[in-house]
Amino acid sequence: MDAAPNVDEAELAKFSDLAHRWWDPDSEFRPLHQINPLRLAWIEGLTGPLRDRAVLDVGCGGGILAEAMARQGARVLGIDLAEKALKVAQLHAIEQAVQGLNYRLASAEQLAAEQPGQYDVVTCMEMLEHVPDPASVVAACATLVKPGGWVFFSTLNRNLKSFLFAIVGAEYVLRLLPRGTHEYGKFIRPSELAGYCRRAGLDLQATRGLEYNPLTRRFWLSADTSVNYLFATRKALA
Ligand code: SAH
């Protein structure tokens, strides 16, 4: 175990407390369920079919994306440090009889020390804004992926609009998320994430924004990265 693990225990407690609701599509996790088909299609559009690929999902939570990737035929490992969320993920995979899906309580940094260069695709979604040192997670993801492999991130941008939409709007007005889910100071600008990626040897390939219409309650991908956004990166071939 790392002497100073890159973890905020209060963040993990939040996700553990809500764990039993992870697969309720009308719960706090509704936005993750809604964006899941969008992000999965975007990922597979870039990587090509996930079938038989070794995929790692970092900060997998209850397994919404990990399970969807396993259903596409990938061999998926999901890791997280919120024990209860992982238990829920494991039970759901068993209930649904999903093949090729495993879960483990581990940090990206721990796994990177054990399994460098083992994965064709690494995903790390809606997680970087919950850790003390996001650059360390980005570097670990870069270590875990094979040369030429893909690493995907998504997080929240840091500006007035993201404060108004992701915190005031989502937590206070629309109540899509529980109050205190997100902390503005931990949001990450695309330029900052691009810097972490560059320093980790990940080349940025594509960026998308996620937009939401509160009237129709629909999400879609667009070029507007001002609130929630996704990065597709690739590790250079050795
Ligand atoms: N990636 C999932 C869940 C996002 S919620 C999805 O997009 O559907 C954020 C997740 O990050 C939670 O499950 C939380 O427990 C996890 N997390 C927070 N800090 C972490 C850390 N240091 N290491 C691993 N997982 C962490």
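Where a number appears in this text, it was derived from the coordinates with a stated rule and is not lab data. Because the structure is a prediction, the values reported are computed rather than measured. Neighbour counts run over all protein chains shown; Cβ positions are idealised from the backbone, glycine included.
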- Sequence neighbours fewer than 8 away in the same chain don't count; with that in mind, list the aspartates and glutamates whose C-alpha is under 17 Å from Lys186. Asp8, Glu9, Glu11, Glu126, Glu129, Asp133, Glu171
- Using only the Cα atoms of the chain, build the gyration tensor, take square roots of its eigenvalues as a ≥ b ≥ c, and label the shape rounded, prolate or oblate: rounded if a/c is under 1.5, else prolate if a/b is larger than b/c, else oblate. rounded
- Could you calculate the contour length gain from Asp133 to Leu160, that is, 0.36 nm times the residue separation minus the distance between their Cα atoms, to one decimal place in nm? 7.5 nm
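Of all DSSP beta bridges located in segment 9-235, what percent are antiparallel, nearest 5?
Just about 50 percent of them are antiparallel.
Nearest 5 percent is fine: what portion of the DSSP beta bridges confined to segment 90-222 is antiparallel?
Working: 5 of 11 bridges.
Rounded to the nearest five, the antiparallel share is 45 percent.
Tally Lys and Arg at +1 and Asp and Glu at -1 over the other residues with C-beta under 14 Å from the C-beta of Glu192: what net charge comes out? Present the calculation step by step, with values, prior to reporting the outcome.
Values: positive: Arg158, Lys186, Arg189, Arg198, Arg199; negative: Glu129, Asp133.
Local charge sum for Glu192: +3.
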- Note on the structure: So for R0 = 30 Å, FRET eff. of Leu38-Leu91 from the Cβ-Cβ r, to 0.05, ends up at 0.70
- Once you've got the GNM for the chain with C-alpha springs shorter than 10 Å, pick whichever of Leu18, Leu176, Leu46 has the biggest mean-square fluctuation. Leu46
- Task: Would you work out the relative contact order for the chain, in percent, from Cα pairs under 8 angstrom that are 6 or more residues apart?
- Result: 18
- Report the extension gain between Ala10 and Val98 in nm, rounded to one decimal, defined as 0.36 nm multiplied by the number of residues separating them, less their alpha carbon distance. 28.6 nm
- With the dipole of the chain defined by +1 on each Lys or Arg Cβ and -1 on each Asp or Glu Cβ, the option from Val58, Leu230, Pro132 whose Cα lies farthest towards the positive pole is Leu230
- Honestly segment 1-72 on the Cα gyration tensor test (a ≥ b ≥ c root eigenvalues; a/c under 1.5 rounded, otherwise a/b vs b/c for prolate or oblate) is just oblate
- Spatially proximal lysines relative to Lys84 (Cα-Cα < 19 Å; intrachain offsets below 8 disregarded): Lys14
- Cβ-based net charge around Leu204, under 9 Å, with every Lys or Arg adding one and every Asp or Glu removing one: +1
- Excluding same-chain residues fewer than 8 positions from Lys146, which lysines have a Cα within less than 27 Å of its Cα? Lys235
